[in-house]
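**Q** One structure, as structure tokens, below. Some questions next.
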Amino acid sequence: MRRMLVLVIVLATVSCARTAAPAPARWDYPATKTVDAADTYFGKTYQDPYRWIEDLKDKSVEDWFKSQAALTDNVLAKIPARDTLAREWMELDKLKPASYSSIVYEQGRVFYKKTLGGENVGKLYFRQGWKGGENLLYDPAEFKPVGAKADAVTTIESIVPSPDGRYVAMGFSSGGAEYSEIRVLDVDGRKLLPESMYPSYGPIGWTMDSKSFFYDAGKVTDIKSPEIELNRKTRRHTLGAEVSSDQDIFSNESNPELGIAPKEMPFAAIDESYPDYIVGNVSTVQNEMRLFYAPTSQMKPDARLQWTVLARASDNLVRGTAFYKGNVYAVTHTGAPRYKVLRTSLAHPDWQKAETVIPEAKDSIQSITKSKSFLFVVYSDGIVGRIVKYDLESGKSAELKLPASGTVSIECPDFRTNQCIVFITSWIQPATLYDFDGDKDTFEKSIFNTAVSYPGFDNLVTDEVEVPGHDGTMIPLSIIHRKDLKLDGSASAILEGYGAYGISYTPAFNVRHSIALRGVVLAYAHPRGGSEKGEAWYKAGYKTTKPNTWKDFISCAEYLIEKGYTSPGKLAGTGTSAGGILISRAITERPDLFAAAICNVGVANALRAEFSPNGPVNTPEFGTVQDPAEAQGLYEMDGVQHVRAGVKYPAVLGVAGWNDPRVSPWQPGKFIAAVQGASTSGKPVLLKVNYDDGHFTEEKIVTFRNFAGQFAFLLWQTGHKDFQPAS
């Protein structure tokens with residue numbers, strides 16, 4: 001699930017798992033009790049016999065997870081080539097050029113996070129000038145954040161340099177927990193200042209005098225508390241002051257007149273390129289922004305900001321804003337399902353009468369980025385991207401002639417110039433970075449780029465096709481395979497899908513794609529719920545239309561079989577996070593279609609997700625049990641509620657991150673419990689518990705080991721010769 005999101009939902013119809021047939025004797029699963037628990041919504045009662053698993057602080061629940069984890073670890077350890085696969089990816093990663101993120105230019109200094117090929121986690125660096133010598137500024141191994149275990153690896157979650165380049169506010173985390181401890185680094189002294197804020201989503205931005213910064217904060221400190229996501233606020237900390245005295249500048253407590261709901265996340269910061277105002281964004285997972293602004297001249301000690309409405313959710317602004325000479329630019333889907341760019345006056349914002357400066361095109365706008373003189377608009381048709389440059393003075397626009405084809409993005413680290421960085425990648429081509437001169441429209445390989453080639457990857461190809469869906473809609477499908485693949489149904493295939501939040505599953509290189517060199521077909525479905533084909537595509541897999549998401553996935557699976565890429569006994573499916581809805585419902589609706597499946601930190605109990613810490617903020621995406629139509633929609637999404645006794649289910653591996661702040665471990669846990677009790681196929685149904693991980697982690701060693709286990713499980717169950725245990 002997305003960073004600031006949560007999933008919400010509640011219970012669903014009567015589960016037959018309580019009367020399930022006993023599991024086959026060959027799999028000695030841990031004993032799993034059932035309880036009498038149920039919820040009734042709008043006259044329908046939904047049984048929930050595994051409700052007890054939700055209490056993660058109960059010792060019996062902890063013991064149950066540990067028993068499941070021990071069984072799974074023992075089974076996975078016996079699969080040949082699992083460890084070889086993890087080592088293979090790490091070796092390939094060593095060939096990888098360094099990756100860069102959070103590139104910011106401040107007062108002649110370029111700050112960035114850099115992760116070397118083969119390096120477990122990234123470090124903070126800076127250069128004096130774009131082409132100055134590189135300096136290691138901070139290694140996260142030197143710090144242990146609050147709550148970290150003694151042997152835990154520390155990661156830098158976020159970096160925000162001050163406008164004068166003297167300080168960097170950083171968010172540190174460990175074990176995939178994501179909640180950060182904020183510390184401030186004195187750049188010249190190379191020392192952390194004493195003040196600390198925890199738990200936080202991290203620093204947001206600085207005041208222009210570099211004496212104070214804004215950060216996210218909450219009312220509780222227990223990151224597993226059901227209240228952790230509620231009533232959050234933006235606070236302002238002045239360097240050297242007591243943290244307890246930090247000013248609350250934007251929240252439902254300090255600004256009750258703004259109607260900020262407890263589940264809404266209030267973030268506020270100053271755009272350095274437009275420093276006269278501070279802008280507040282009140283958000284949930286809903287893409288439509290709710291924005292406010294206030295003059296920075298009001299920011300005085302203990303002064304209360306007077307916020308003015310900049311945009312309402314009904315204005316349908318999405319995917320970014322930019323400010324220039326008294327105007328605000330934004331992307332909207334009003335009257336433009338594939339999005340357009342509008343402009344209105346900041347003094348008197350009126351989005352209903354705003355001027356269209358870039359009209360809707362055949363492909364969809366993904367993002368906007370501003371440099372000194374230009375607005376750059378990134379488009380994608382779901383597979384191939386392009387960039388349009390809009391001159392903020394003349395109003396003229398032109399498409400850039402990119403040096404390569406694929407998924408594209410652009411960053412402009414220094415708002416004082418038109419120097420930007422363009423990223424281009426594809427399924428089988430590593431990301432290449434180009435320095436782009438907006439004044440001259442020229443590209444050259446970036447100082448942040450190193451050429452690399454991966455052995456064997458030139459033997460891979462991709463097929464981009466469209467598949468007839470259940471209702472005749474054409475569904476995009478990306479297929480990666482060896483050039484010499486025989487379309488005779490003999491290959492193992494892994495089909496992955498997501499389809500949520502309007503996020504397009506655009507091509508991106510990954511060393512894990514090396515599995516295709518073993519003759520495995522890798523396929524990525526682009527179901528409704530993403531935005532590969534615009535806003536209408538997103539809303540066609542949203543709340544009550546969500547069934548299209550897993551039905552589109554099923555159609556893609558049927559296509560792979562029909563065209564000979566694989567066969568039912570060779571096909572595996574996987575879904576991660578919100579993709580847990582997709583995979584849990586695909587295999588409960590069509591268990592005959594898949595040999596194996598993985599629900600990776602996935603939402604599989606949608607009716608109950610609303611009651612997890614990260615749940616309320618996700619109701620705009622999936623719905624709430626407080627609405628009759630949405631409650632029924634949540635039931636339809638709920639994999640646990642659709643498990644039926646006596647069905648021959650595929651082999652299933654559920655994966656839970658014990659430190660996951662987005663999808664509670666009990667989501668995949670309850671799904672595995674239900675399938676273990678119901679399936680009569682004799683195939684393994686296992687629960688992997690990653691105690692060193694959360695929803696994900698930056699740690700490569702942990703990540704590669706995790707996914708090597710997942711791939712090994714799928715390829716074992718689909719009959720790949722390299723992954724068959726001796727007995």
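The values are calculated or read from the model by the stated rules, or taken from the named source; none is laboratory data. The shown structure was predicted, so the numbers you read here are calculated from the model rather than taken from an experiment. Glycine gets a Cβ as well: all are built from the backbone with ideal geometry, and neighbour counts include every protein chain shown. Heads up: the accessible areas ignore ligands, DNA and RNA and are worked out on the full protein's heavy atoms, side chains in. Shrake-Rupley method; radii C 1.70, N 1.55, O 1.52, S 1.80 Å.
**Q** Tell me, rounded to the nearest percent, the portion of alpha carbon pairs in the stretch 576-727 spaced more than 25 Å apart.
**A** Result: 30 percent of Cα pairs exceed 25 Å.
**Q** Sort largest first and round to whole Å: the equivalent ellipsoid semi-axes of the stretch 182-236, each the square root of five times a Cα gyration tensor eigenvalue.
**A** 25, 14, 7
**Q** Which of the trypsin sites (Lys or Arg not before Pro) found in the stretch 284-390 are in a DSSP loop and have at most 10 neighbouring Cβ atoms, other than their own, within 10 Å? Don't skip to the answer; put the middle values down first.
**A** Details: sites: 290, 304, 312, 319, 325, 338, 340, 343, 353, 362, 370, 372, 386, 389; in loops: 304, 312, 325, 338, 362, 372.
Answer in residue order: 325, 362.
**Q** How high is the relative contact order of the chain, in percent, with contacts defined as C-alpha pairs under 8 Å that are six or more residues apart? Numbers along the way, then the final one.
**A** Working: 1888 pairs, mean separation 116.8, N = 727.
Result for the chain is 16 percent.
**Q** Please work out how much accessible surface residue 722 shows to a 1.4 Å probe, ignoring ligands, DNA and RNA, in Å² rounded to 10.
**A** Using a 1.4 Å probe on the heavy atoms, I get roughly 50 Å².
**Q** Related question: Report the equivalent ellipsoid semi-axes for the stretch 507-568 in whole Å, largest first, defined as the square roots of five times the eigenvalues of the gyration tensor built from alpha carbon atoms. Before the final figure, lay out the partial values.
**A** Working: eigenvalues 134, 51, 12 Å².
Sorted largest first and rounded, they come to 26, 16, 8 Å.
**Q** Please list log₁₀ I(q)/I(0) at q = 0.12, 0.15, 0.19, 0.24 Å⁻¹ for the stretch 436-530, using the Debye equation with identical point scatterers on the alpha-carbon positions.
**A** Summing over Cα pairs of the stretch 436-530 leads to -0.55, -0.77, -0.99, -1.21.
**Q** What whole-number value in cubic angstrom gives the convex hull volume per residue for the C-alpha atoms of the stretch 226-288?
**A** Values: hull volume 7.6 nm³, N = 63.
Expressed per residue, the convex hull around the Cα atoms of the stretch 226-288 is 121 Å³.
**Q** Binning every alpha carbon pair distance of the stretch 46-86 at 10 Å from zero, what are the percents per bin?
**A** The percentages, shortest bin first, are 25, 32, 25, 17, 2.
**Q** Compute the acute angle (0 to 90°) between the alpha-carbon long axis of helix 59-77 and the principal axis of greatest extent of the alpha-carbon atoms of the chain; round to the nearest 10°.
**A** 80 degrees
**Q** Right, something else. Rounded to the nearest 5, what % of DSSP beta bridges with both residues in the chain are antiparallel?
**A** Numbers: 123 of 149 bridges.
Bridges in the chain that DSSP calls antiparallel: roughly 85 percent.
**Q** On to the next question. Starting from one equal scatterer on each C-alpha and no solvent at all, send me the Debye-based log10 I(q)/I(0) for the stretch 153-284 at q = 0.13 Å⁻¹, two decimals.
**A** Listed by q, the Debye log ratios stand at -0.53.
**Q** Also: Determine the distance separating the Cα centre of the stretch 415-478 from the Cα centre of the stretch 518-558; give it in Å without decimals.
**A** After rounding, the separation between the Cα centres reads 22 Å.
**Q** Still on this structure: Which angle between 0 and 90 degrees, to the nearest 10, do you get for helix 628-637 versus the longest principal axis of the chain when only C-alpha atoms count?
**A** Long axis of 628-637 versus the principal axis of the chain: about 60 degrees.
**Q** Same structure, new question: Considering the Cα trace of the stretch 481-532, what is its radius of gyration and what is Dmax, both in angstroms?
**A** Spelled out, the Cα radius of gyration and Dmax of the stretch 481-532 are 12.9, 37 Å.
**Q** Taking only protein heavy atoms and a 1.4 Å probe, what accessible area per residue, in Å², does the stretch 419-510 have with all protein chains in place? The partial results should precede the final answer.
**A** On the way: 3940 Å² over 92 residues.
Dividing the accessible area of the stretch 419-510 by its residue count gives 43 Å².
**Q** Please report the spacing between the Cα centers of the stretch 76-121 and the stretch 151-195 in Å, no decimals.
**A** Cα centres, the stretch 76-121 to the stretch 151-195: 20 Å.
**Q** Among all the aspartates and glutamates, which ones have a C-alpha under 18 Å from residue 440's C-alpha, if same-chain residues fewer than 8 places away are not counted?
**A** 391, 393, 399, 411, 414
**Q** If I model the chain as equal point scatterers sitting on the Cα atoms and use the Debye formula, what is log10 I(q)/I(0) at q = 0.11 Å⁻¹?
**A** Here log10 of I(q) over I(0) equals -1.28.
**Q** Rounding to the nearest 10 and keeping the result within 0 to 90°, find how far the Cα-based axis of helix 579-589 lies from the longest principal axis of the chain.
**A** For 579-589 against the chain, the angle is about 20 degrees.
**Q** Quick one: what Rg and Dmax do you get for the stretch 468-581 from the alpha carbons, in Å?
**A** 13.9, 42
**Q** Could you pull out the pairs from 401/533; 233/300; 66/94; 401/483; 59/149; 362/539 whose alpha carbons sit more than 26 Å apart here? It would help to have the intermediate numbers written out before the result.
**A** On the way: 401/533 23 Å; 233/300 18 Å; 66/94 34 Å; 401/483 30 Å; 59/149 20 Å; 362/539 18 Å.
Beyond 26 Å: 66/94; 401/483.
**Q** For the stretch 145-199, go through all pairs of different Cα atoms, get the mean of 1/r, take its inverse, and jot down that Kirkwood value in Å. Mind showing how you got there, number by number?
**A** Numbers: mean 1/r = 0.0862 Å⁻¹.
After inverting the pairwise mean of 1/r, the radius is 11.6 Å.
**Q** Just order 79-87, 713-721, 220-228 by mean Cβ neighbour count inside 10 Å, highest at the front, would you? Walk me through the numbers before you get to the answer.
**A** Details: 79-87: 18.2, 713-721: 22.3, 220-228: 14.4.
Most protected by this proxy first, the peptides run 713-721, 79-87, 220-228.
**Q** Per residue and in cubic angstrom, what volume does the convex hull of the Cα atoms of the stretch 70-167 have?
**A** On the way: hull volume 12.2 nm³, N = 98.
In the stretch 70-167, the Cα hull volume divided by residue count equals 124 Å³.
**Q** Continuing with the same structure: How large a share of the accessible area of the stretch 385-509, in percent, is made up of carbon and sulfur atoms when the probe is 1.4 Å and the other protein chains stay in place?
**A** Values: 2710 of 5510 Å².
That fraction is 49 percent.
**Q** For every helix of n ≥ 4 consecutive DSSP H residues, a contribution of -39,500 (n - 2.57) applies; sum these over the chain, divide by its total residues, and give [θ] at 222 nm rounded to the nearest 500 deg cm²/dmol.
**A** Values: 10 runs with 114 residues, N = 727.
Rounded to the nearest 500, the figure is -5000 deg cm²/dmol.
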